[in-house]
Amino acid sequence: MKTKLILGAALGLVLAAPAFAGGTLNLYTWSDSISPDLIKKFEEKTGITVNVDGFNSNEDALTKLQAGSSGYDVVTPSQHFVKIMIEQGLLEDIDAKDMPAFAQVDDKWKNQWWDPTSEYSIPLAYGTAGFTVNRDLYKGPVDSWSVFFTPGAELKGKIADLAAPDEVVGAAELFLGVPFCSEDKAEMKKVYDLLKAQKPDVAAYSSDNIENRIGSGEVAAHFWWDGNSLKTRRDGANIEYAMPKEGLVGWLDSFVVPKGAANVEAAKAFIDFMSEEENATVQYNYYAHSSPVKIDLAKADYTPENAPELFPTVPVTFSQACSPAAQDLVTKVWTDLLK
Amino acid sequence: MRGFRFWGLVPAWGLMVATLMVPLVIVALVSVAERGAYGGFAWAFTLEPYKEILFSEDWDGNLVFDPKYLAIIGRTLALAAATTAICMALALPVAYVIATRTPRMKAALIYLVTLPFWVSMIVRVYAWLIILGNDGVVGRAWAALGGEGTLLFTSGAMLVGMVYSYIPLMVLPVFAAIEKLDPALLEAGADLYASRWTTARRVILPLTWPGLAAGAILVFVPALGTVLEPMLLGGGKQMMMGTLIQSQFGGARNWPFGAAVALVLMAMVVLVLIANARRAMRKEARA
């Protein structure tokens, strides 16, 4: 452990420019997830300078924190990664339940399995992962994952998956009736066989630039998230977010503070600020994902009528924190798929 | 008192040790450590990560020889070699044309060759995404000529992106070599009734070979570790060593294995460099 620490310190010396300075707050959030207007407002109100870095997968965020000396004060991982980060001792105990922000949180998101005593995290946004079709190219039904995983002639060669297995494997499991994080090889073999059979019809495995790919019709069906699909549709793309009867993969992102953060007080002030009703409403309208904290419905842009993406009519199953054995099977599915 | 020769070099050595040796040693140590349950690693010596490159458990739970990582290594080598070969073939005439212009023109053309480096690599690769896309210039032309399917997300698209990204690294050293070429030698060749082709093969090629070799190293080595083009233009359908290493530190949560693959990649690079250095030394000995 000690050598690890020394190595960590050496690595830190080599790689990291330490971000001390009382007046700065370093955010590490999903790319483009926080309203720039709110960041400006926070800076003006407090005099704190805010820097924002983005990530595109939970794994990236976890790896950064594990490498140590990340220099970040606030990170926004999803529920299963919050659990892993807490267990790995990577997070600061911020007494979340005593923060003003906690009072704003909808009761159903309090004391959940990933943070049972609400010491570490304040939820920020939640939603689902599913698939979106381009209605100029595909006219058929979108009521089942079979449309996506076992495509008919219309979709052959015009499908795109995400670049990481996390949610794609989850969706395949929902379709096959395999439980999340299964440690059963025979069950996971079925997941592999399904994805392997889908591969010849897949144009790309990519998590970048999805708006353009599906919006412009480069592909006709894309694995995607609810709010992003909503935003792109409202920008004029003829697309539809599917409601597969087997269900959608659920996620909830939370604000957490990494252990050893330089500016814990500013981090907590920012989390409280983001959770105030007025600001949470601005954030909701910007990010277009559902809000787990109270918002002003009169000023909210999205309603069940104009944003069906955010109000799923099918069951939603949240991703779990897999055991190492289960995670290895997920990795094996993915590496064998792309080998 | 030690002289300037010693103290003058201390900063250079310090930089080498701190930014090159120390990280390398860390990677080497991680590659023989035990993986942590959720990424990270724990100190305990094991060669498991290296064994994993050749053997893995199949779906029935048997430990078997599994060439999947060898296939990834082979594919990476093939892509880097193809990129290098195409760059060589294209750079030679380009460099020749530049080297035979007037000094002013030469300076302007060399400036143009280096111009792309002013723009971020990611932006340049994204540009190809648009050019080759269905609505892009090349994509539309392809469709108008009756081409089937899309050009994007293919090995060809990946190769185009790679050649485009790395060709300046080939043009510059080849240009330097051609510029040093004495035109009198070409005239001598012509006087001795050598055809243009023979002159190119017997005079130009041997004399510019050092430039080509230097360019080949500059292109081949970074091409081995490439991540962007396979992911963006190739559609991420087949792993390369770069993407494999990235996934091991990310989703797969297997840092030691990622470190082991990184060292194998580095060993391959070092072998290429050694081979090149030995050839250069043999040549010098002969001269």
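The values are calculated or read from the model by the stated rules, or taken from the named source; none is laboratory data. Everything quoted here is computed from the prediction, not taken from an experiment. Please note: Cβ atoms are built from the backbone with ideal geometry, for glycine as well, and neighbour counts cover all protein chains shown.
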**Request:** Scan B:130, B:110, B:86, B:73 and give me the residue that is more than 10 Å from chain A (Cβ to nearest Cβ), among the hydrophobic types (A, V, I, L, M, F, W, C) and more than 18 Å from the chain's Cα centre (by Cα).
**Result:** B:110
**Prompt:** In segment A:185-200, which residue that is touching a Ser or Thr at 6+ places or on another chain (Cβ under 9 Å) and within 12 Å of another protein chain (Cβ to nearest Cβ) is surrounded by the most Cβ atoms within 10 Å (Cβ to Cβ)?
**Reply:** A:191
**Asked** Could you list, in sequence order, the residues of segment B:142-173 that are part of a helix (DSSP H, G or I), modelled with pLDDT under 90 and farther than 17 Å from residue B:233 by Cα?
**Response** B:143, B:144
**Request:** Just give me the residues in segment A:46-69 being assigned to a loop (DSSP other than H, G, I, E, B) and closer than 28 Å to residue A:168 by Cα, in sequence order.
**Result:** A:56, A:57
**Message:** Could you check segment A:93-117 and list, in sequence order, the residues that are closer than 22 Å to residue A:262 by Cα and either of a type in the set (Lys, Arg) or surrounded by 17 or more Cβ atoms within 10 Å (Cβ to Cβ) (or both)?
**Reply:** A:94, A:96, A:97, A:99, A:101
**Request:** Would you check if residue A:315 is within 25 Å of residue A:81 (Cα to Cα), surrounded by fewer than 20 Cβ atoms within 10 Å (Cβ to Cβ), of a type outside the set (Gly, Ala, Ser) and not assigned by TED's automatic domain parsing to the domain that holds residue A:50?
**Result:** yes
**Request:** Being of a type in the set (A, V, I, L, M, F, W, C) and surrounded by fewer than 17 Cβ atoms within 10 Å (Cβ to Cβ) is the filter; apply it to segment B:140-158 and report the residue that is nearest to residue B:84 (Cα to Cα).
**Result:** B:141
**Complete:** For residue A:321, the lone unmet condition from (1) assigned to a helix (DSSP H, G or I); (2) in contact (Cβ under 8 Å) with a residue 12 or more places away in the chain; (3) surrounded by 18 or more Cβ atoms within 10 Å (Cβ to Cβ); (4) within 14 Å of chain B (Cβ to nearest Cβ) is (1)
**Fill in**
Expected single match for among the aliphatic types (A, V, I, L, M), under 29 Å from residue A:296 (Cα atoms) and within 14 Å of chain B (Cβ to nearest Cβ) among A:82, A:105 is A:82
**Flag if residue A:221 is closer than 27 Å to residue B:123 by Cα, in contact with a strand residue (DSSP E or B) (Cβ under 7 Å, 6 or more places away or on another chain) and either in the same structural domain as residue A:154 (by TED's automatic domain parsing) or without any contact (Cβ under 8 Å) to a residue 24 or more places away in the chain (or both)** = yes
